[in-house]
Amino acid sequence: FSDGVFHPHIPGVCLFTVQFWMVHGVHSDLAWTMVRLPSLVAFCCTINLVAAASSRLVPNPAAFNVEWAHPSDGPGTTQGGKATYMDAMPLGNGRTTALAWANVTTGGVGIYLGSQEALSGQTELFKLALIQLSVTPNPFTPTGHFNQTLDLASGTVVVEMGTLRVRVWVDANADVLRVDATSTTPVSIQVRATSTRPSTPWRHSGDSCMEIVSNPDVYADPLPLGRFSFTHPGPNAHPFRHASADRRPLRTLTRLPGSSAFDPASIVAYHRNDPSEGDNLTVIFTQQGIESLIPTTPDHWTDRQSGFVLSGGLGAAPLRRVDLRTLVSTAPNTSFAFQATVLAVQTQTEAEWFADLLALVAAAAPPSTARTAHEAWWATFWARSHIIINQTQWTPPPPPPSPSPPPPPP
């Protein structure tokens, strides 16, 4: 369980770390502050490890689903001005993360999209975007049906309001957020991506002892072409002397004319760490008096580019782009789908990041195929060794015997 999400790629860790963080405490942007207390209790109750000999005890995660019969207030801020992600349900695949909640004001769903690798130049995790689905006409009514469920068996948040049903899930096998919506009556939708950073360069202190400078996110306009042809400069031409071990190697990459391109009805947004935001590694090491270690310490932050492409789902009713941040339906329909493909990685150039992102989009499985594989992954996850903890079958131990009274004084 990391950053308020499932951690399916590190089995056996996800639920135990919840208790560790409860005891030791963490930054409010991480872990257990992201979910309501009932959610946390439900997760803690689903810690499961059973010997193979007890295979007849098949876990039933549905018994521990988190269900809300009334809309939550959604994420907000604490009294100290810190962001809190309570009143949202967590999703993820160990790298790409999401927090979802019903937004009854717009008749849709709000989603904070994130990545465990979307580190700023100051080593902080920022959300990639707030993605808001709005539905017209609004299907929510105060007296109508409402239910929001975190379905543990499939790692899915399901929101039902009136005639609308929305499914939100992060693909267990790919860094893709997927959303599909169905309605018994035709509706129109709007999908809008909003940056979590200000629109101009800004300064903040964060949780560090230094002032942090951050540039705004970039919403690509026009969308990058499908043709990329470039050769990286030599390592001596790069302004930073300490390269991360996970930095992509120098390479020549060419995409020929006619290769796949970004769908014109899509949104591409990203943030790239650059020198204007400061060299956090140098500042911190200098403050600690260990600047001699700088040349040999991997830099995991410089030139890290984090972002996503948001587009309509394949085979669903088409969406069109109306501005840098917004997609809308072309006509009322009873079903819609959209997805956000995420990439956060260090690259030598922006063009390389665009090429890698486009490659991810081209390799993505169709929604129906992806859903089948996603559910199969979660079924395998829950069928692994587990311990079933059932408080109703627990018998408390007898109390210890009372101590013998002291002997009488002589």
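Read the figures in this text as sums done on the coordinates, not as results from a lab. This is a predicted model, so every value here is computed, not measured. Virtual Cβ from ideal backbone geometry, glycine too; neighbours counted across all protein chains shown.
Could the peptides 300-310, 372-382 be put in order, highest first, of the mean number of other beta-carbon atoms found within 10 Å of their residues?
On the way: 300-310: 24.0, 372-382: 16.1.
Most protected by this proxy first, the peptides run 300-310, 372-382.
What do you get for Rg/Rh of the range 280-400 when both radii come from the Cα atoms and Rh is the Kirkwood radius? Could you put the intermediate results ahead of the total?
On the way: Rg = 24.5 Å, Rh = 20.2 Å.
Across the range 280-400, the Cα-based Rg/Rh ratio is 1.21.
Specify, per residue and in Å³, the volume enclosed by the convex hull of the alpha carbon atoms belonging to the range 90-184.
100
Would you calculate the separation in nanometres between label points at Asp274 and Thr297, each defined as 7 Å from the Cα along the Cα-to-beta-carbon direction?
Inter-label distance under the simple model: 2.5 nm.
Please work out, to two decimal places, the log10 of the ratio I(q)/I(0) at q = 0.12, 0.16, 0.17 Å⁻¹ from a Debye calculation in which every Cα of the range 71-131 carries one identical scatterer.
So the normalised log intensities work out to -0.32, -0.56, -0.63.
Determine one quarter of the surface area of the Cα convex hull of the range 336-410, which equals its mean projected area, and express it in nm² to one decimal.
Numbers: hull surface 60.4 nm².
Answer in nm², one decimal: 15.1.
Arrange the peptides 353-364, 89-100 so that the one whose residues have, on average, the most other Cβ atoms within 10 Å appears first. Can you show the working numbers first?
Details: 353-364: 18.5, 89-100: 25.7.
Per-residue mean Cβ counts within 10 Å order the peptides as 89-100, 353-364.
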